[in-house]
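Single-structure report; data block below.
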Amino acid sequence: MTPQERDKEALIQHMMAQAKHVGLDLNDWTHFDANRRAGLVIKDANSIKKIGEMFCNEPMESDEMAALQERADNLLARIRYRLAPLKVRIGEMGDPRGCGAYVFFTYNDRYVPANTWGGEESGWGLF
């Protein structure tokens with residue numbers, strides 16, 4: 001199993017735990033649904049990361065920058081929409097060397113699952 005597959009599987013497990021925590025019917029919110037949504041949000045987060053890298057590395061005109069920023073905002077909105085049933089908070093990327101977006105799960109009162117150097121304050125990074 002590749003590191004990306006391990007990260008995706010861990011994300012799915014957290015999504016299922018969050019679904020149970022917020023009271024979603026697990027007959028409607030299945031592992032298949034979580035797997036599909038996880039793949040889509042990871043893809044969108046990676047696109048946001050690539051846009052951030054382009055901002056840092058490529059000279060561009062202001063209209064190109066505005067178009068890319070609008071694209072990044074739309075991708076982030078799609079991530080929020082796809083994870084809305086889970087009632088999680090989505091954080092934005094601050095540094096293109098990290099993750100495109102972060103998910104803050106609330107299903108555990110003792111700790112917040114995290115896979116980044118920032119720990120609980122940084123949430124679960126979508127790689």
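Restricted to the stretch 52-71, and to residues that are free of Cβ contacts under 8 Å to residues at least 24 places away in the same chain, in a helix (DSSP H, G or I) and hydrophobic (A, V, I, L, M, F, W, C), which residue is surrounded by the most Cβ atoms within 10 Å (Cβ to Cβ)?
Leu68
Can you work out which of the residues in the stretch 1-26 that are modelled with pLDDT of 90 or more and not in a helix (DSSP H, G or I) is surrounded by the most Cβ atoms within 10 Å (Cβ to Cβ)?
Among them, the one singled out is Leu24.
Among the residues of the stretch 27-49, write down those that are surrounded by 12 or more Cβ atoms within 10 Å (Cβ to Cβ) and free of Cβ contacts under 8 Å to residues at least 40 places away in the same chain.
Thr30, His31, Asp33, Ala34, Asn35, Arg36, Ala38, Gly39, Lys43, listed by residue number.
Among the residues of the stretch 75-87, is there at least one that is in a loop (DSSP other than H, G, I, E, B) and either touching a residue at least 60 places away in the same chain (Cβ under 8 Å) or aromatic (Phe, Trp, Tyr) (or both)?
yes
Can you give me the number of residues within the stretch 91-127 that are surrounded by fewer than 20 Cβ atoms within 10 Å (Cβ to Cβ) and not in a loop (DSSP other than H, G, I, E, B)?
6
Within the stretch 27-38, how many residues are more than 14 Å from the chain's Cα centre (by Cα) and assigned to a helix (DSSP H, G or I)?
Number of matching residues: 3.
Of the conditions (1) under 12 Å from Gly125 (Cβ atoms); (2) touching a Gly at 6+ places or on another chain (Cβ under 8 Å), Gly94 satisfies every one except a single condition; which number is it?
(2)
The values are calculated or read from the model by the stated rules, or taken from the named source; none is laboratory data. If you're wondering where the values come from, they're calculated on a predicted model, not measured in any experiment. Don't worry about glycine lacking a Cβ; one is built from the backbone with ideal geometry, like all the others, and counts go over all protein chains shown.
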